[in-house]
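Have a look at the structure that comes next, please.
The values are calculated or read from the model by the stated rules, or taken from the named source; none is laboratory data. From a predicted model like this one, the values you see are computed outputs, not experimental measurements. Here the Cβ positions follow ideal geometry from the backbone for every residue, glycine too, while neighbour counts run over all protein chains shown.
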Amino acid sequence: MHSFHYQNGTLHCEGVDLAALAAEHGTPLYVYSGGTILDHFRRLSGAMGAELDCLVCYATKANSNLAVLNLLAKEGAGFDIVSGGELFRVEKAGGDPGKCTFAGVGKTRAEIELGLKKGIYSFNAESEAEVAFISQVAGELGMVAPIALRVNPNVDAKTHKYISTGKSENKFGIDFSSIREAYARAAALPNVKIRGLQMHIGSQLTSVSPFVEAVEKVLPLVEELKSLYGIEFFSIGGGIGIVYQDSLASGGSDWWIAKDEKPLTIEEYAGRLVPLLKPLGLRIILEPGRFMVGNAGVLLTEVLYEKRGTAKTFKIVDAAMNDLIRPALYEGHHEIAPLKEPVAGKTEVVDIVGPVCESGDFFAQNREIPAIETGDRIALLSAGAYGFVMASNYNSRPLPAEILVSGETATVVRKRQTLDDLIAGEVVPG
């Protein structure tokens, strides 16, 4: 579900005209639908929580704007964090550190100390060396650290190689063949409390089968750990995919409807997993990120120039790979939607490219889209996850503004960077 649709000839986010936002605030511009985010959270927590003690810990790395985090905190969400900075953000947004799970393979002393002092729910440790260090730091502070080990179940999620995390060749977690011994050694450490078990097999999964395979493989281990160490929770991670090719309600136009991609529904996800997890009698933790915010965001950009060559036609826009790097980094697909409702049947095959001096600076290649002209504004759909959070100042380009929409109200939740902001903190030696 998302809240982007054509109304009176222009693309809207909920009740707000995106063309009017672009005219007022300029482009590039990120716009998020608060209603979409809340709908996704409520449906997932409702489906999984109806029969389970389930805590949904939003994966903060997907979109860490304070306004987004605050929306979810007010709904009672927990948070999956991977840095001290994310913990800082969650607390500033009104989130409860006691509902935070701290993941990541390279936690520093400062981050471990911060997590302990703030009282996080669990460190999800990814190696035995990390567990030993957490115990050491906790001991130095006179504290006991709550931990879970992350098991790598060696399940192929069949996703992009950069977002696969559950195979033995990935850097994440402890090998399934070694996990029992790792727990035994952790239990002998003086300053840790074993609280649970965690796994995560990868991102952008559009089939429930890998989830089921991983859970079925790990269930006997969970039952054993519950018996031996009294674990309280089993985290099955995140990874629920979204459909990046999506249709909008547009008077019958169907040029962007995906013909070969179907979303993994919450009903199917819960229907297959709840019966497997319920007999455990444990708290089940989910760590969704992209699912919550991916289709809740768009990046608005303006066509600056058209360049027609013998091989291709390029539409050059004012957004660039520094604003949204997914196409360059992951070969990520984002549908292109003109802010002005397109005329049915009037299309062209083009490359949508940015102004950055890199051949990888593109948003679409050889893509059939509605005909657009210089000065037109377009939306890059499904840009709510891993968009702004991965943006940079490459080519000394200021970061875009971010806007959160609720109904007919649009709020600037991050101001556009200025040129002075670009050099803040830099010093020319005397």
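Which of the residues that make up the stretch 93-135 are in contact with a Pro (Cβ under 8 Å, 6 or more places away or on another chain) and either among the hydroxyl-bearing types (S, T, Y) or more than 16 Å from R195 (Cα to Cα) (or both)?
K118, Y121, S122, S135
So which residues in the stretch 329-354 are of a type outside the set (S, T, Y) and under 19 Å from G241 (Cα atoms), if there are any at all? Steps first, answer last, please.
Restricting attention to the stretch 329-354, the residues satisfying the condition of being of a type outside the set (S, T, Y) are 329, 331-346, 348-354.
Of everything in the stretch 329-354, those that are of a type outside the set (S, T, Y) and under 19 Å from G241 (Cα atoms) turn out to be L329, E331, G332, H333, H334, E335.
Can you tell me which residues in the stretch 1-45 are closer than 30 Å to L304 by Cβ, assigned to a helix (DSSP H, G or I) and in contact (Cβ under 8 Å) with a residue 24 or more places away in the chain? Can you show your working first?
Within the stretch 1-45, the subset closer than 30 Å to L304 by Cβ is 2-33, 36.
Next cut, assigned to a helix (DSSP H, G or I) only: 18-25, 36.
Those that are closer than 30 Å to L304 by Cβ, assigned to a helix (DSSP H, G or I) and in contact (Cβ under 8 Å) with a residue 24 or more places away in the chain: L18, A19, L21, A22, H25, T36.
On to the next question. Check the stretch 182-200 and report whether any residue there is at pLDDT 95 or above, buried (at least 17 other Cβ atoms within 10 Å of the Cβ), in contact with a strand residue (DSSP E or B) (Cβ under 8 Å, 6 or more places away or on another chain) and among the polar types (S, T, N, Q).
Yes, the conditions are met somewhere in the stretch 182-200.
Checking S45 against (1) surrounded by 17 or more Cβ atoms within 10 Å (Cβ to Cβ); (2) of a type outside the set (V, I, T); (3) in contact with a helix residue (DSSP H, G or I) (Cβ under 8 Å, 6 or more places away or on another chain): exactly one of these is not met. Which one?
Of the numbered conditions (1) surrounded by 17 or more Cβ atoms within 10 Å (Cβ to Cβ); (2) of a type outside the set (V, I, T); (3) in contact with a helix residue (DSSP H, G or I) (Cβ under 8 Å, 6 or more places away or on another chain), the odd one out for S45 is (3).
Is it the case, given these coordinates, that A311 is over 16 Å from the mean Cα position of the chain (by Cα) and modelled with pLDDT under 95?
Working: over 16 Å from the mean Cα position of the chain (by Cα): yes; modelled with pLDDT under 95: yes.
Criteria met by A311.
Okay, residues lined up against (1) surrounded by fewer than 19 Cβ atoms within 10 Å (Cβ to Cβ); (2) modelled with pLDDT of 95 or more:
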residue: V317; (1), (2): no, yes
residue: A328; (1), (2): no, no
residue: E331; (1), (2): yes, no
residue: L339; (1), (2): no, yes
residue: I352; (1), (2): no, yes
residue: V356; (1), (2): yes, yes
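Now, a different point. For F233, only one of the following conditions fails: (1) more than 24 Å from P288 (Cα to Cα); (2) in contact (Cβ under 8 Å) with a residue 12 or more places away in the chain. What is its number?
Every listed condition holds for F233 apart from (1).
Go through the stretch 78-111 and report how many residues are part of a loop (DSSP other than H, G, I, E, B) and buried (at least 22 other Cβ atoms within 10 Å of the Cβ). Explain how you work it out, then say what you get.
First pass over the stretch 78-111, keeping only residues part of a loop (DSSP other than H, G, I, E, B): 82-83, 93-96, 103-108.
Checking which are buried (at least 22 other Cβ atoms within 10 Å of the Cβ) leaves us with 95, 103, 107.
Final tally of qualifying residues: 3.
While we're here: For the stretch 383-411, name all the residues that are under 17 Å from the mean Cα position of the chain (by Cα), crowded, with 19+ Cβ neighbours inside 10 Å and under 19 Å from L72 (Cβ atoms).
Result: A383, G384, A385, Y386, G387, F388, E402, L404.
State yes or no: is I147 touching a Gly at 6+ places or on another chain (Cβ under 9 Å), surrounded by 16 or more Cβ atoms within 10 Å (Cβ to Cβ) and at pLDDT 95 or above?
Working: touching a Gly at 6+ places or on another chain (Cβ under 9 Å): yes; surrounded by 16 or more Cβ atoms within 10 Å (Cβ to Cβ): yes; at pLDDT 95 or above: yes.
Criteria met by I147.
Quick check on E268: is it under 30 Å from C54 (Cα atoms) and either at pLDDT 95 or above or surrounded by fewer than 17 Cβ atoms within 10 Å (Cβ to Cβ) (or both)?
Values: under 30 Å from C54 (Cα atoms): yes; either at pLDDT 95 or above or surrounded by fewer than 17 Cβ atoms within 10 Å (Cβ to Cβ) (or both): yes.
Considered against the rule, which asks whether it is under 30 Å from C54 (Cα atoms) and either at pLDDT 95 or above or surrounded by fewer than 17 Cβ atoms within 10 Å (Cβ to Cβ) (or both), E268 comes out as yes.
Restricting to the stretch 183-231, give me the number of residues that are out of contact with any helix residue (DSSP H, G or I) (no Cβ under 8 Å at 6 or more places or on another chain), assigned to a loop (DSSP other than H, G, I, E, B) and polar (S, T, N, Q).
Final tally of qualifying residues: 2.
Are there any pairs with C-beta distances below 8 angstrom linking a residue in the stretch 47-70 that is assigned by TED's automatic domain parsing to the domain that holds V82 and without any contact (Cβ under 8 Å) to a residue 40 or more places away in the chain to a residue that is surrounded by fewer than 19 Cβ atoms within 10 Å (Cβ to Cβ) and in a loop (DSSP other than H, G, I, E, B), with the two at least 6 apart or on different chains, and if so which?
If the second residue must be surrounded by fewer than 19 Cβ atoms within 10 Å (Cβ to Cβ) and in a loop (DSSP other than H, G, I, E, B), the pairs left are L69/G94; N70/G94.
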